[in-house]
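What follows is a set of notes on a single structure, which appears directly below.
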Amino acid sequence: MKKILSIMLAALVLVACNSTGENNDGENGMEPGRILVLYYSQTGATDSVAREIQCQLDADIEEIQLENPYNGTYDETIERCKKEMETGEVPAVKPIKADLGKYDVIFLGYPVWFGTYARPIAGLVKAVDFKDKKVVTFCTLGSGGLQSSTADLAKALPGAKVVMEGYGVRNARISAIHDEVERFLIEHEFKEGYVTPLPAFMEDHPVTSEEKAVFDQACSDYPFPLGTPVAVATRTTDTSTDYMYTVNSKDKDGKNVVGQVFVTVGFDEGSKPEFTQVVR
Ligand SMILES: Cc1cc2nc3c(=O)[nH]c(=O)nc-3n(C[C@H](O)[C@H](O)[C@H](O)COP(=O)(O)O)c2cc1C
């Protein structure tokens, strides 16, 4: 099943990877072939993003393999992961085939597990020297964890130059990656091209009943509580209205926490509100 899903997602990416900007042909100041996309993916979502980045940059790519893969069900992975986090055990990765000495920039991709980078990345960090490499994170997630996982990675790789603003996408929104990855690569000058800069969010205000309805519509499919929206700021882009809700929620120990839930509503006819990310 995982294999079929991966093949379908990869095919989608290949069809979709028809970028409007220039590839990494040296024109943008980056030497061709000096970018490596290195990633771990258990169920195929991060694999799709990795292939999209590879395709848009014409970069080299390698998937991280484990000595003892996480082959079980979702619940089995959760159990194994929890145990490893308790004991501090780190999964061993198979030797990386790419010669890292050839690359200045490494796009490092992973799923978010328990608010941070997946355990295989802990194994990679232990095995591979990232000294002086520019590391750009990308991840897929159920709801959030891009910022926390990138911050954790920066701590784990003190000798590397970790770019603090990575790219993250909910696995429910993989169909959005072509345009989002393209924007990310152009904004961060890995690729030539032009994207209209996104405006800042306006000042926030108490949530109206209409805005609460947008929140509920966007988040109703998400199975875990995201909290109560108390304030919202909006912005209008070329293609959508975006909402940044301030939410009051509780962490796993019952402590009050404030977070942000992001929602976007496209202008295309029939577009439904989409929950894009939570930041806590
Ligand atoms: C062990 C485990 C822990 C997870 N923890 C989180 C989490 O803390 N936050 C989140 O948003 N998603 C979490 N997820 C969901 C994954 O990040 C998401 O399904 C991801 O897209 C899977 O990527 P992959 O298909 O490349 O393996 C978790 C999944 C697993 C298996």
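The values are calculated or read from the model by the stated rules, or taken from the named source; none is laboratory data. A quick note: this is a predicted structure, and the numbers were derived from the prediction, not measured. Every residue, glycine among them, receives a Cβ derived from its backbone with ideal geometry; neighbour counts consider all protein chains shown. Only protein heavy atoms, including side chains, enter the accessible area calculation; ligands, DNA and RNA are left aside. Shrake-Rupley method; radii C 1.70, N 1.55, O 1.52, S 1.80 Å.
General observations
- Which listed residue is of a type outside the set (S, T, N, Q) and closer than 28 Å to Arg80 by Cβ, from Lys191, Lys161, Lys155, Lys134: Lys155
- Some residue of region 80-95 being away from the ligand (no atom under 14 Å from the Cβ), of a type in the set (Lys, Arg) and modelled with pLDDT under 95: no
- Helices (runs of 4 or more DSSP H) enclosed by region 61-165 - at least 2 residues per element that are among the hydrophobic types (A, V, I, L, M, F, W, C) and open to solvent by less than 10 Å² (accessible area, probe 1.4 Å): 119-127
- Residue count for region 220-248, restricted to those that are of a type in the set (Phe, Trp, Tyr) and more than 22 Å from the chain's Cα centre (by Cα): 0
- Residue within region 46-61 that is within 12 Å of the ligand (Cβ to nearest atom), among the acidic types (Asp, Glu), closer than 24 Å to Arg183 by Cα and modelled with pLDDT of 95 or more present: yes
- When Glu27 is tested against (1) among the charged types (D, E, K, R); (2) assigned to a helix (DSSP H, G or I); (3) modelled with pLDDT under 95, just one condition goes unmet, and that condition is (2).
- The residue list Val181, Val247 contains one member that is closer than 26 Å to Asp268 by Cα and modelled with pLDDT of 95 or more, which is Val181.
- Lone unmet requirement of (1) in contact with a helix residue (DSSP H, G or I) (Cβ under 9 Å, 6 or more places away or on another chain); (2) under 26 Å from Pro111 (Cα atoms); (3) at pLDDT 95 or above for Arg280: (3)
- Boolean, Ile174 is within 30 Å of Cys219 (Cα to Cα) and more than 14 Å from the chain's Cα centre (by Cα): no
- From the options Lys212, Lys161, residue that is closer than 19 Å to Val37 by Cα and not aromatic (Phe, Trp, Tyr): Lys161
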